[in-house]
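Just so it is clear, none of the values below were taken in a lab; they were calculated from the coordinates. None of these values were measured; they are calculated from a predicted model. For neighbour counting, all protein chains shown are included, and Cβ atoms are generated from backbone atoms with ideal geometry for every residue, glycine included.
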Amino acid sequence: MKRLFPAPWLSLALWALWLTLNLSLSPGNLLLGAILGFAAPLMMRKLRPKHARIRRPSTIIKLFFLVGRDVILSNLIVAWGVLNAKRRPPRSRFVKVPLDLRDAHGLATLAMICTVVPGTVWSELALDRSILLLHVWDLDDEAHFIHHFKTAYEQPLMEIFE
């Protein structure tokens with residue numbers, strides 16, 4: 001069964017996405033969505049990384065709400081900074097964050113978190129995955145930022161994936 005459906009949840013999600021995008025439950029769309037959901041994971045089976053092993057699922061919920069809170073706060077802070085940029089220009093700079101997280105799934109999740117939180121941009125990851133270069137839009141205290149980043153995002157991801 002695993003050879004026929006290497007990623008059953010992905011197949012189901014692709015089928016649902018097809019139906020949602022077409023806004024139709026016609027027999028043709030049901031069939032085309034099912035074919036897409038069946039064929040795409042089969043064709044891309046070799047591209048999938050190893051399966052993620054989630055160690056602490058409850059930490060996912062905590063991290064979800066923490067990231068949600070940070071997204072809202074960061075939006076407000078960035079908006080306020082943009083409105084007051086003439087009085088107090090932002091102090092943007094690059095920050096090197098030492099990483100203990102090595103799991104590929106954890107790093108991918110960390111990249112997504114950096115993408116959704118306004119004011120941070122994932123710039124570069126060292127080849128040995130030991131240092132992350134982030135661009136921070138407005139930074140007062142680099143040490144405080146690194147501490148917050150590691151405790152708020154990296155440690156929960158290590159609990160989840162490692």
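Going by average Cβ density within 10 Å per residue, which order do the peptides 21-30, 123-132, 151-160, 94-103 take, highest to lowest?
Result, highest mean Cβ count within 10 Å first: 151-160, 94-103, 123-132, 21-30.
In cubic angstrom, how much convex hull volume per residue do the alpha carbon atoms of region 1-88 span? Each step should come with its number before you reach the end.
Details: hull volume 17.6 nm³, N = 88.
Per residue, the Cα convex hull of region 1-88 comes to 200 Å³.
How long, wide and thick is region 8-47, going by the Cα atoms along their three principal axes, in whole angstroms, largest first?
That works out to 32, 14, 13 Å along the principal axes.
Over the chain, with a Gaussian network built from C-alpha contacts below 10 Å, which listed residue (116, 136, 82) shows the highest mean-square fluctuation?
Residue with maximal mean-square fluctuation among 116, 136, 82: 82.
Compute the relative contact order of region 1-60 as a whole-number percentage, counting only Cα pairs closer than 8 Å that sit 6 or more residues apart in sequence.
Working: 35 pairs, mean separation 23.2, N = 60.
RCO, region 1-60: 39 percent.
Would you pull out the residues with amide H under 5 Å of residue 131's amide H, same chain only if 5 or more places away, H placed 1.01 Å from N?
Under 5 Å from the amide H of residue 131 lie the amide H atoms of 99, 126, each far enough along the sequence or on another chain.
Rounded to the nearest 500, what is the chain's calculated 222 nm mean residue ellipticity when only DSSP H runs of at least 4 contribute -39500 (n - 2.57) each, over all residues?
Mean residue ellipticity, 222 nm, calculated: -17500 deg cm²/dmol.
Would you mind telling me which residue in 80, 122, 18 has the biggest mean-square fluctuation in a Gaussian network model of the chain, where springs connect alpha carbons within a distance under 10 angstrom?
Among 80, 122, 18, the largest GNM mean-square fluctuation belongs to 18.
For the chain, please report how many Lys pairs fall under 17 Å Cα to Cα, leaving out neighbours fewer than 8 apart on the same chain.
Lysine pair count for the chain: 4.
Compute the Rg/Rh shape ratio of the chain: radius of gyration over Kirkwood radius, all on alpha-carbon atoms.
Values: Rg = 20.2 Å, Rh = 18.6 Å.
My calculation of the ratio gives 1.08.
Filter the DSSP H helices in the chain by two things, a Kyte-Doolittle mean of at least -1.0 and an axial alpha-carbon span of 30 angstrom or more, and list the hits by number.
Qualifying helices: 57-83.
Take region 117-162, compute every pairwise Cα distance, and split them into 10 Å bins from 0; I just need the percent in each bin.
22, 55, 22, 1
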